[in-house]
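Note sheet for the following structure.
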């Protein structure tokens, strides 16, 4: 994986410059740089092999169990460049039916002492039509997850219309589709995790998936992404609803609105979702609680606070079948992908589901 080492060395040189910039601008420049490196063709510095630690989850064969979490590439515009880092699967989005700018800037904040970020981006994206066009241009060979949400101006009572529209649009192009009902940055969205609204939403989307599977001749798995801030007592009920409605995986977890782990740090009072190292313990606990209740009936994709390889091992030992990275890439760099893959292989941790 020499490409990963070379890219990591370059990132080590670039990181002080990037961290001197506004976090969102640094994010944009990093994606542009990755894209340029990929577009160099045979001279590219990336191009880490995807294969090596295959696992079957949701009926899909993943070349390896380390993936990219949604949110880094909201428009699906850099799939191939990101795939060259060695991810076994990539999740892009969250996409909404109509384009929307998201929340006002500044809306992303670093907390470097805690290896953390706070963001209140708010599903900023170019809309599902542009998203699908970008996805269609990609040639990535791993599993592609497409993450869908609702527009900010759509009332929560009409959220189903947005999810249904996005599901129909992305379905033919997805390895799996994630239903995002857990971002803290779209008003009212998390209320869809409550018992009755969740059951109604998933029942309707399961019916829509059945119609789409007949239309397209294949059944695309559905995952639901949940918040870390749910009460422990709510998790078994939520898990039972997912199973009852034929959902294929649960993604645990999204960002947190809790601030205790970063109290007193600069930017800790900013509104939005906290990610990175401070989320690790709670995200792992949610995985463990879900795994204990589900007993293998539904696979868990773990995300939250993975900033070093042992964090990935911890998530898998807690009961996950796959792991996803995001904030850890910003603090550790792209070599984190290869490091997590190597650690999971070394410990022999593969959990097919």
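What the table below lists for this structure:
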quantity: In region 112-144, the residues that are over 30 Å from residue 266 (Cβ atoms), assigned to a loop (DSSP other than H, G, I, E, B) and more than 16 Å from the chain's Cα centre (by Cα); calculated: 126, 127, 138, 139, 140, 141
quantity: Hey, residue 147 part of a loop (DSSP other than H, G, I, E, B), in contact with a strand residue (DSSP E or B) (Cβ under 7 Å, 6 or more places away or on another chain) and touching a residue at least 40 places away in the same chain (Cβ under 8 Å) or not; calculated: no
quantity: Test: residue in region 156-163 that is part of a loop (DSSP other than H, G, I, E, B), touching a helix residue (DSSP H, G or I) at 6+ places or on another chain (Cβ under 7 Å) and surrounded by 19 or more Cβ atoms within 10 Å (Cβ to Cβ); calculated: no
quantity: Check on residue 93, under 13 Å from the mean Cα position of the chain (by Cα) and part of a strand (DSSP E or B); calculated: yes
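Yes/no per residue for (1) part of a helix (DSSP H, G or I); (2) touching a strand residue (DSSP E or B) at 6+ places or on another chain (Cβ under 8 Å):
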| residue | (1), (2) |
| --- | --- |
| 166 | yes, yes |
| 183 | no, yes |
| 198 | yes, no |
| 211 | yes, no |
| 220 | no, yes |
| 224 | no, yes |
| 228 | no, yes |
| 237 | yes, no |
| 258 | no, yes |
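Bear in mind these aren't lab numbers, they're just calculated from the coordinates by the rules spelled out. Only a predicted model underlies this, so the values are computations on that prediction, with no experimental measurement involved. No Cβ is skipped: glycine too gets one built from the backbone with ideal geometry, and neighbour counts run over all protein chains shown.
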